[in-house]
Amino acid sequence: MKIEDYELLLKLHEIGTVRGTAKAVLISQPAVTQRLKYIEDYFGEQIFIRTSKSLVPTPAGEMILAHAQKVTDQEEAIKSTLAQSSGEVQGTLSIACSSLVSQRFLPSILGEYTQTHPKVEIDLVTGISEDIKREHKNYHVCIIRGEKLKEAVSKPLFEDPLYIFDTEPFPENQCKERPLISFKSDDSMHDQVDNWLYHHQNEINSIKKISVDQIETCKQFMQEGLGMAVLPESVSGPLMDKYPHVPLQLDGKPVTRKTWVCYQEGVRSLPQVDRFIAGLEEKAFL
């Protein structure tokens, strides 16, 4: 059995379907099915029962999955120990990063990091900050937006002011009624926008909401005149000179999205993690 086989079992258990697992690990469904059959033949036991909704572990499967978790944990532990004892920065660096940060800032940061530390293996997951917070213990480093992670060391990276954009002007002394286009984000972002709109309902009335999945789609819809959009400054540079916009403010202070780097106490004893966090702390993001 290879370590990859144990990792595949854990991924099958996590996702619950062969199809979803194949998509996640970037191999074909038949290849996943064939590998699972090999593993079951190796142990001489059926590991999963297929139901109409998901894969359910058998009693023997539960024991095998517990063993798989122990094996992968031990593998990661020995890699970390070797990384600490070696004079050269190596090992695995696992990162969970907010989608916006991963699109806007992370490519150049990781490019520079991997050039400096080519022996470090990067394990990267991107997504919504709320999802990352729930799984934060599975990663060395989390980069999230909104509220900081209270269960970990959290250091601020930057604050991102919010603006509301439209293709039509924002008139003074008159209530503007337009649809509001929103993109998929965590609840704290939507709460900030809703709170601002509540305090400015005499100036702006969002007569309906259009929900899209990606921030880029939201920008494109706004530029086509379909409605207003609240966007962070970090992704709004080219729009500032082209479209009417208003900064979101409450009590004379800008409404911002904070970005944090979060990690468990003690994890910076791993050289590959410490170098990455130190690099983030040195960056001027905006």
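Hey, which of the strands (runs of 3 or more DSSP E) in segment 226-286, taking only ones fully inside, have at least 1 residues that are open to solvent by less than 10 Å² (accessible area, probe 1.4 Å)? Can you show your working first?
Details: elements: 228-232, 245-247, 256-263.
Result: 228-232, 256-263.
Scan segment 159-202 for residues that are open to solvent by less than 20 Å² (accessible area, probe 1.4 Å), assigned to a loop (DSSP other than H, G, I, E, B) and in contact with a Gly (Cβ under 6 Å, 6 or more places away or on another chain) and jot them down.
Of everything in segment 159-202, just one residue is open to solvent by less than 20 Å² (accessible area, probe 1.4 Å), assigned to a loop (DSSP other than H, G, I, E, B) and in contact with a Gly (Cβ under 6 Å, 6 or more places away or on another chain), namely Asp186.
In segment 159-205, which residues are closer than 21 Å to Gln223 by Cα and small (Gly, Ala, Ser)?
Residues satisfying the conditions are Ser182, Ser185.
Could you tell me which numbered condition Ile3 fails, if it satisfies all but one of (1) under 27 Å from Leu124 (Cβ atoms); (2) open to solvent by 60 Å² or more (accessible area, probe 1.4 Å); (3) not basic (Lys, Arg)?
For Ile3, the exception is condition (2).
Out of everything in segment 203-225 that is open to solvent by less than 80 Å² (accessible area, probe 1.4 Å) and aliphatic (A, V, I, L, M), what residue ends up being nearest to Leu149 (Cα to Cα)?
Residues of segment 203-225 open to solvent by less than 80 Å² (accessible area, probe 1.4 Å): 204-206, 210, 212, 215, 217-219, 221-223, 225.
With aliphatic (A, V, I, L, M) added as a condition, the list becomes 204, 210, 212, 215, 222.
Working: Ile204: 33, Ile210: 30, Val212: 27, Ile215: 23, Met222: 32 Å.
The qualifying residue nearest to Leu149 (Cα to Cα) is Ile215.
Would you point out the residue of segment 34-48, among those that are within 16 Å of Leu8 (Cα to Cα) and not in a helix (DSSP H, G or I), that is most open to solvent (accessible area, probe 1.4 Å)? Talk me through it step by step, then tell me what you get.
Narrowing segment 34-48 to residues within 16 Å of Leu8 (Cα to Cα): 34-43, 46-48.
Checking the rest, the ones that are also not in a helix (DSSP H, G or I) come to 46-48.
Working: Gln46: 103, Ile47: 0, Phe48: 9 Å².
It comes out as Gln46.
Could you tell me whether Leu270 is at pLDDT below 90 and either under 20 Å from the mean Cα position of the chain (by Cα) or not hydrophobic (A, V, I, L, M, F, W, C) (or both)?
Values: at pLDDT below 90: yes; either under 20 Å from the mean Cα position of the chain (by Cα) or not hydrophobic (A, V, I, L, M, F, W, C) (or both): no.
No; evaluated as a whole, the condition is false for this residue.
The values are calculated or read from the model by the stated rules, or taken from the named source; none is laboratory data. Everything numeric here is computed off the predicted structure, so don't read it as measured data. A quick note on method: Cβ atoms are made from the backbone with ideal geometry, for glycine too, and the neighbour counts reach across all protein chains shown. When the accessible area is computed, the model is the full protein with side chains, heavy atoms only, and any ligands, DNA or RNA have been set aside. Shrake-Rupley method; radii C 1.70, N 1.55, O 1.52, S 1.80 Å.
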